[in-house]
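Visitor: Got a structure for you, questions after.
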Amino acid sequence: MKKTYDIKIKFNEQDARKLAYVANKEGMSIEKLLIFLARQKISYFERTKGNIKDLSCANLDEFEILEQK
């Protein structure tokens, strides 16, 4: 089974409304927009600082692990 991870994120009301607005205008769910933005940031990080090779030190304690069927 493939693992997926769930994380809780808190936004103030104005940012939450703006995020919902952007997601709606882009034809995406908020979740898909956040995943897209996270992947863009990872890509930018790797372009500017080099590929991430060692993930053993990545702490996933903030995530809830969900089993995907």
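The values are calculated or read from the model by the stated rules, or taken from the named source; none is laboratory data. For clarity, every value in this text was computed on a predicted model and none was experimentally measured. Cβ: placed from backbone, ideal geometry, glycine included. Neighbour counts: every protein chain shown. All accessible areas refer to the heavy atoms of the entire protein, side chains included, with ligands and DNA or RNA removed. Shrake-Rupley method; radii C 1.70, N 1.55, O 1.52, S 1.80 Å.
Visitor: Could you give the radius of gyration (one decimal) and Dmax (whole number) of the Cα atoms in the chain, in Å?
Guide: Spelled out, the Cα radius of gyration and Dmax of the chain are 14.7, 38 Å.
Visitor: What does the highest-first list of 39-48, 56-65, 22-31 look like by mean Cβ count within 10 Å?
Guide: On the way: 39-48: 10.1, 56-65: 8.0, 22-31: 12.0.
Ranking, from highest mean packing down: 22-31, 39-48, 56-65.
Visitor: Then there is this: Counting Lys and Arg as +1 and Asp and Glu as -1, each charge on the Cβ, what is the dipole of the chain about the Cα centre in debye, to the nearest 20?
Guide: Details: 14 positive and 11 negative charges, 63 e Å.
So the magnitude is around 300 debye.
Visitor: Run the accessible area of the chain with a 1.4 Å probe and give the carbon-and-sulfur part as a rounded percent. Working shown, then result.
Guide: Values: 3530 of 6700 Å².
So the carbon and sulfur contribution to the accessible surface is 53 percent.
Visitor: If you don't mind, another one. Can you give the FRET efficiency for Asn12 and Ala38, using 1/(1 + (r/R0)^6), R0 = 25 Å, r = Cβ-Cβ distance, to the nearest 0.05? Let's see the in-between values first.
Guide: Values: r = 19 Å, r/R0 = 0.78.
Step by step, r from the Cβ atoms, then E = 0.80.
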